[in-house]
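*Asks:* This is the structure, below, for whatever I ask next.
Just so you know, all these numbers are worked out from the coordinates, no wet-lab data involved. Bear in mind the structure is a predicted one, so any value in this text is a computation, not a measurement. All Cβ positions, even for glycine, are placed from backbone atoms using ideal geometry, and neighbour counts span all protein chains on display.
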Amino acid sequence: MRYALPALALACALTGCKPQPISPADEQAIRATYVAYATSANAGSVDGLVANYASDATVQPPGAPAATGTEAIRRMYTGMLAAVRPHLTLTATKVAGQGDVAYVTGTYHLTYTMKDSTQAAPPAEDGKFVDVQWRQADKSWKIVASSWNQNSMPAAPPAAPARGRRH
C-alpha cells in the first residue's frame, strides 16, 4: 500500500485522472438507441419509445412542458402519437463521452400521416437534438436527458379575416 499512492499519483499526472473515452462498442450501442427510437416512433410504439429512457429521465420537447420519469414520458408520447403516424429519420452526428456518460448530437427529419384521413397533416419538420446517455447497471445505455427543436420557426397561423366597418 505504501507504493500504491505514489503509483496512483504518477498515473494521474500522466493521464490527467480523466476517465477513458467511450469505446467503439459503447458508441455502437449508443447509436443503436437511435435506430430503436426511430423504429419505435415509426411503428407508433409508445412502449418502444419509453424503453430508450432511464426511469428518471427528463425529456424537453419543443412547445411543451418537460416530462420527467417513465410515466410522464409515457403520457407525453401517448399524447404526441394520438392523432398521427410519424415517419422519423434520425442521424446521430456526434457521439462522445467518458466513462459511463455520453452525449449525442444529431439531426432529424419528421413527416406525419394523420390517423383521421380527413385531417390535414402538419408540415414536415427538420431539426436537431441533443441527448445525454448514462450506462446503466446492466451495462446498457439509456437516455437520461433529451431535448430537440425545429430548424425553422413553425408557420404563422393565417391572419384573421378582415371585418367590414358598420356605419
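*Asks:* How would region 40-93 be classified by its alpha-carbon gyration tensor: rounded, prolate or oblate, with rounded meaning a/c under 1.5 and the a/b versus b/c comparison settling the rest?
*Replies:* rounded
*Asks:* Can you compute log10 of I(q)/I(0) for region 20-149 with the Debye formula, treating each Cα as one identical point scatterer, at q = 0.14, 0.17, 0.22 Å⁻¹?
*Replies:* -0.60, -0.88, -1.43
*Asks:* What residues qualify as long-range amide H neighbours of G99, i.e. H under 5 Å apart, gap of 5 or more or another chain, H built at 1.01 Å from N?
*Replies:* Q20, I22
*Asks:* Just want the ordering: S147, S152, S40, from fewest to most Cβ atoms lying within 10 Å of their own Cβ.
*Replies:* With the sparsest Cβ surroundings first, the list reads S152, S147, S40.
*Asks:* Right, next: Could you grab the relative contact order for region 20-149? Cα pairs under 8 Å, six or more apart, rounded to a whole percent.
*Replies:* Worked out over region 20-149, it gives 26 percent.
*Asks:* Additional query: Could you give me the ³J(HN,Hα) list for region 57-67, computed from phi with Karplus coefficients 6.51, -1.76, 1.60 and θ = phi - 60°, whole Hz, x at Gly and Pro?
*Replies:* 5, 10, 10, 10, x, x, x, 8, x, 5, 10
*Asks:* List the residues of region 70-103 whose backbone N lies under 18 Å from a point placed 7 Å from the Cα of D126 along the Cα-to-Cβ direction.
*Replies:* What the label zone holds, given the 18 Å backbone N cut-off, is 87-94.
*Asks:* Sticking with this one: Within 10 Å, count the other beta carbons around each residue, average over each peptide in 48-60, 73-85, and list them highest first.
*Replies:* Most protected by this proxy first, the peptides run 48-60, 73-85.
*Asks:* Given 0.36 nm per residue, what is the gain on full extension from A25 to H109 after removing their alpha carbon distance, in nm? Don't jump to the answer; show the numbers that get you there.
*Replies:* Details: separation 84, 0.36 × 84 = 30.24 nm, distance 2.65 nm.
Between A25 and H109, full extension yields 27.6 nm more.
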